[in-house]
Structures are given as C-alpha cells and as structure tokens.
Amino acid sequence: MNDPLRFPWLSASLAVLVIAALLTWRTTETRRARRVAVTGLLIALLPLLLAYTDVLRVGEYHPEPWSSGFRLDALSAPPLSLLVALALGVCIAAPRRMVSPHWLSGILLITATTQMAYATESPIILALGWGGSLVPFLVRGFFVETLPRFTKATLLASTLCLIAGLVLTKTAPTLAFGFFLGAIFLRKGLWPVHGSIVAAYEKGPLLPFALLVNGHLGGFLVTHQVIPELPEPARQLLPVLGLIALVTSAYTALLALVERKPRRLLAFLAISQASFILTGLTSHSTEGIAGALIHWQVVAVSTTVLAIIIAGLEARVGEGLDLRRFYGLGMAAPRLAVFFVVSGLALVGLPLTLGFCAEDLLLHGTLETHELIGVFLPIVTALNAVSLLRFFAALFLGRHGVEAQGMVDALPRERVVLTTALLFLVVGGIFPGIFVRLPARAAEHLTQFITPAPQFITPARALELR
C-alpha cells in the first residue's frame, strides 16, 4: 500500500466519479450540484495524473489484482486523463440555463463508464463501459433534449456488434473482426450513417454528446481489441476501414462547405477530422499511427472548445443562428472570437499548435503505405479550413448587429476553461516532445502486430519529421 505503483488509483478515480454522480442526482440546487460535480472531477483527475506519471516512467501502470484488472499504458493514459479534464471543463463552462443536477450527473456517468472501457482488460467491463456511456442519452431524466430515434438505434446497434465481436474473438476471428468493424462504423458515424451523429449534434444535448463523441471509443476499439487480438484479419482488412474513413472525411468536408446551421457545421467538421484518426490507425505505419493518436487529442480538445463557445453563444443570442449572414459578435465578444479561431485552426493543423505536429506525422505515415490517402488528406484538411474560416467570419465578423448589443464576452469561468485548452494546444505545438512520447511508444507496439518488419519511431525522430 505504501508503494504508489501498487495503490489502485484507477479504481479510486472511478469510485469518486460514481459517488459524485449519485450526489449530484440527489441534489436539488443547481449551483451546489455544479460544485459537487466539479469537485468530484478534480479529485478523480488527480489519481489519473499519478498513474500517468507512472506510465511515463516505467511504460505502464498496474494496480493491485483486486482492482478489477484496471491498467493504463502508453495507449490509454493520454486520452483517459484528457477525457476527465474535458468533462471538468464542460461542467465549469456550461451555460447556466443548460445545467441541472441531472444534467451534471449524466456528464459524470458518461465520464465514469468511458473510463471503465479505457482502463479495463476485461471484455465484460469493456462492453459495460461502451453501453453504459449511452445510458444518459437513452434514459429520460438526464438531459432535456433527446437524441433522434435513428441515432439511438445506431448507438444501440454498435453495442450489440461489440458484444458479438467480443464473444466470437477466440472462436471465429474473421467474423469477430466484421462485428468489431460494425461497432466502429456505427459508433463513429462513418458514411453513410454519418447522419446519426449530425442529427444528434443538431437536436440533442450538445455538450454531453460532444463529450461522448470525443471519448473516441471506436478508435480505441481498433487499438485495444482489433489489432492486438485479431492481428491477421487486421493486417488484411483494416485498409478497408481506412478507405471508408477517408470517404467519410471527404464527403462531410464537402457538406460542411454549404452548411448554414452552426451545430450541423460543427458536426460535419468533427466527423471529418475524427475520421483522420481511423485513417492513421489503419495505415500500417508507425508514423501514421502516432500521428493519429496525437490527432485524437487535438480533435477532442478543439471540438469541445468549439462546442462550448457555440453553447455559450446560443445562451446569449438564441439558437436561431444562421450562417448566411454576418453577426459581428466579435465586436462585443473579442475573447470568444480569439478562442474560436485558434482552436478551430488548430483542428486543421495551424503551425505552432499540436494540430500541426499531428497532421505532419499523419501525412508522412499515410504517404509511406497508402499514397492515395496521403494525397487526399491535405485536400480534405484544406476544405475543412475553409469551412472553419467561413464559420468564424459569419459569427464574429461584420457590422455590429442587434444580436451583439448588450452581449457579454467570455465569463471568468469560461475564460479559465478555454484558456487552459488553448494553452494545451499551443504548448503542444511549441514543445511537442511532451505529447509525442507516449503515442510514439504506443505506435511502435501496435505496428508489431500488423507489419512483418515493424518500423520504429522515437520521440526524437518524430520531432525531426516536423
């Protein structure tokens, strides 16, 4: 118990999240519930950071056996810690009119169940975490907005596919791979079922659903289950998934060019950029996989920032924003404008941000193994950059409109969250070695399963490629 490597930090973190979720559900006053949720997430984040330092130091973290087999390694430690930090930011920055005790309890439940899926070695707990993260969206009482039926059906079908794949992994590997492919396909909303994600962004609870999407459990399933457990089918069939992801990325980027509703445009951008993660993970290249794992973090942070800003603008000026006109909100809210443009451009590889490092590694890796993908990636990124600039111009540029009169700029709690997120993106671009180390180590491990002669990348080599 005295050895920090042996204390079950992951179980302690999960227990704190569950207790905080129960307490917020039973709390009747919203302000008190927000304090409970924020405190719970802060306490839950500390054990994860301690476990993260162990992963940096010794390569992996193993709690005691009685802690349900929870573990962290170079693959799961960065996104898990980041997910809890994003949930903390969402709870702090969410507009008051959106927040209720049950809303906060739903955020905590999504975070706790996703943490279960990330940290476990047990297929049963993986399935429970995958399905449990959907409960707040399927059960009435958590969020005022509900998901469209098509989205609910798609997410439930992904859970059934996951369970079938887990059951068949040992007995029918090829069939299990097909079910895993279906689970990834449905959970991430790849073409042609991308409409389920877009409809959820438009009509559902924006910030909770953005947090669910940024858990990226579909991508995690590729790295946690498909490649290590089914290396032969993965070696032969993963390029098919990469091709579907590329088609999804290009198609949604084209749709974003003509979209007029902010929520739907955000959904298209999130799907398009998140599809790059799958493209990199299926590249059979160490550099491509490392770039995808770094881009994973960039997409999660940037799209969460954009969702927070859009939710804040809707609370200030209403939900009827139409991008066919210019609102000039930058005159009244210059801080929100800066947060929006920097985080948005980081998503598409702005130099001196972590997004630039991710895009660079991703491009080099895919060019080595799939030249066609390597050619299309920068084109799709450029299309998304055009959409983001159009998005920014419509909201923040132009003559001072009636919507901006009396509008309040970023509140102190919003500034804390958004500034922290931008520091993450900018510091990652200036000192990328901090963020490349673990993804590079994870990429080296994964390529050993799917390439006969694995390519190795060191953090120093990754920095040279910039």
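The values are calculated or read from the model by the stated rules, or taken from the named source; none is laboratory data. For clarity, every value in this text was computed on a predicted model and none was experimentally measured. Here the Cβ is made from the backbone with ideal geometry for all residues, glycine too, and neighbour counts use every protein chain on show.
Things to note:
- Condition met for Thr286 (touching a residue at least 12 places away in the same chain (Cβ under 8 Å), crowded, with 24+ Cβ neighbours inside 10 Å, touching a Gly at 6+ places or on another chain (Cβ under 6 Å) and among the polar types (S, T, N, Q)): no
- Selection of first residues in the stretch 168-180 that are polar (S, T, N, Q) and modelled with pLDDT of 95 or more and of second residues that are surrounded by fewer than 17 Cβ atoms within 10 Å (Cβ to Cβ) and not in a helix (DSSP H, G or I), restricted to Cβ pairs under 7 Å at least 6 apart or on distinct chains, gives an empty result.
- Residue check for Ala358: at pLDDT below 95, within 19 Å of Ala311 (Cα to Cα) and among the hydrophobic types (A, V, I, L, M, F, W, C): no
- Qualifying residues in the stretch 232-248 (those that are crowded, with 16+ Cβ neighbours inside 10 Å and of a type outside the set (A, V, I, L, M)) - the one farthest from Val305 (Cα to Cα): Pro233
- Against the numbered list (1) within 21 Å of Ser76 (Cβ to Cβ); (2) over 19 Å from the mean Cα position of the chain (by Cα); (3) among the small types (Gly, Ala, Ser), Gly131 comes up short only at (2).
- Considering Phe431, Phe456, Phe396, Phe391, the condition of being at pLDDT below 90 and among the aromatic types (Phe, Trp, Tyr) is satisfied by Phe456 alone.
- Test: residue in the stretch 425-448 that is free of Cβ contacts under 8 Å to residues at least 12 places away in the same chain and polar (S, T, N, Q): yes
- In the condition set (1) in a helix (DSSP H, G or I); (2) within 30 Å of Ala250 (Cα to Cα); (3) of a type outside the set (Phe, Trp, Tyr), Ala112 is compliant with all but (2).
- Residue match in the stretch 104-111 (condition: buried (at least 17 other Cβ atoms within 10 Å of the Cβ), within 28 Å of Trp25 (Cβ to Cβ), of a type in the set (Ser, Thr, Tyr) and under 18 Å from the mean Cα position of the chain (by Cα)): yes
- Out of Ala410, Ala393, sole residue that is touching a residue at least 24 places away in the same chain (Cβ under 8 Å), outside any loop (DSSP other than H, G, I, E, B) and either in contact with a strand residue (DSSP E or B) (Cβ under 6 Å, 6 or more places away or on another chain) or of a type in the set (A, V, I, L, M, F, W, C) (or both): Ala393
- Residue check for Ser67: part of a loop (DSSP other than H, G, I, E, B), at pLDDT below 90 and either more than 21 Å from Thr114 (Cβ to Cβ) or hydroxyl-bearing (Ser, Thr, Tyr) (or both): yes
- Within the stretch 29-64, the residues that satisfy the criterion of being of a type in the set (Gly, Ala, Ser) and modelled with pLDDT of 85 or more are Ala33, Ala37, Gly40, Ala44, Ala51.
- For Val226: the one exception among (1) more than 14 Å from Phe180 (Cβ to Cβ); (2) of a type in the set (A, V, I, L, M, F, W, C); (3) surrounded by 19 or more Cβ atoms within 10 Å (Cβ to Cβ): (1)
- Among (1) surrounded by fewer than 19 Cβ atoms within 10 Å (Cβ to Cβ); (2) touching a residue at least 40 places away in the same chain (Cβ under 8 Å); (3) in a helix (DSSP H, G or I) - the single one Thr28 does not satisfy: (3)
- Answer from Tyr201, Tyr251 - the residue that is at pLDDT 95 or above, buried (at least 24 other Cβ atoms within 10 Å of the Cβ) and among the hydroxyl-bearing types (Ser, Thr, Tyr): Tyr201
- Residue check for Arg187: of a type in the set (Lys, Arg), over 17 Å from Ile107 (Cβ atoms) and surrounded by 22 or more Cβ atoms within 10 Å (Cβ to Cβ): yes
- The stretch 14-43, subset under 13 Å from Leu88 (Cβ atoms) and not β-branched (Val, Ile, Thr), residue farthest from the chain's Cα centre (by Cα): Arg35
- Selection status of Leu126, outside any loop (DSSP other than H, G, I, E, B), touching a helix residue (DSSP H, G or I) at 6+ places or on another chain (Cβ under 9 Å), aliphatic (A, V, I, L, M) and surrounded by 22 or more Cβ atoms within 10 Å (Cβ to Cβ): yes
- Considering the conditions (1) more than 25 Å from Ile450 (Cα to Cα); (2) in a helix (DSSP H, G or I), Leu323 is excluded by exactly one of them, (2).
- All conditions in (1) part of a helix (DSSP H, G or I); (2) aliphatic (A, V, I, L, M); (3) under 19 Å from Ile271 (Cβ atoms) hold for Leu313, with the sole exception of (3).
- The stretch 16-59, residues that are among the aliphatic types (A, V, I, L, M) and in contact with a Phe, Trp or Tyr (Cβ under 8 Å, 6 or more places away or on another chain): Leu48, Leu50, Ala51, Val55
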